[in-house]
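Each remark here refers to the structure printed beneath this line.
The values are calculated or read from the model by the stated rules, or taken from the named source; none is laboratory data. Since we're looking at a predicted model, the values are computed, not measured. Cβ: placed from backbone, ideal geometry, glycine included. Neighbour counts: every protein chain shown.
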Amino acid sequence: MQDVQNEQNQEDNAELRDNKIRELRRALLEYDGTNPLRRPQLTKMSPSKKLAIVLHTLNSELPDYVLDVSTLDSLYTLIYCSALAAARVTDANILTRRDISRTRRQPNTPQ
């Protein structure tokens, strides 16, 4: 019984790891070569166990991607896409350009 549970946990962990790596690749495909000022803004993520696990997985994958970095812009893109992948996996808030412009247009009203 214990062996079956361990095997299931290993399969679940492998699936979660693949999901995190898939999100990193998806982000790189979406934003590689784009203007950094046009990318969605990422909000600060609160520390959590889930975030720590995601970051551990992504950090273990980054050395493979760093080998392809030849400019500061490509390094920035890699860092941004890693953060975006972590935000997507942990369901963190990602602000679109419309969200940002909407909050800037709202006047400060005294209360």
Item to complete: Confirm whether residue 64 is within 20 Å of residue 19 (Cβ to Cβ) and either surrounded by fewer than 16 Cβ atoms within 10 Å (Cβ to Cβ) or in contact with a Lys or Arg (Cβ under 8 Å, 6 or more places away or on another chain) (or both).
Response: yes
Fill in: In region 73-111, residue modelled with the highest pLDDT [restricted to those that are under 13 Å from the mean Cα position of the chain (by Cα) and assigned to a loop (DSSP other than H, G, I, E, B)]
90
Practice prompt. Would you be able to tell me the number of residues in region 27-50 that are of a type in the set (A, V, I, L, M, F, W, C), in contact (Cβ under 8 Å) with a residue 12 or more places away in the chain and farther than 15 Å from residue 93 by Cα?
Written response: 2
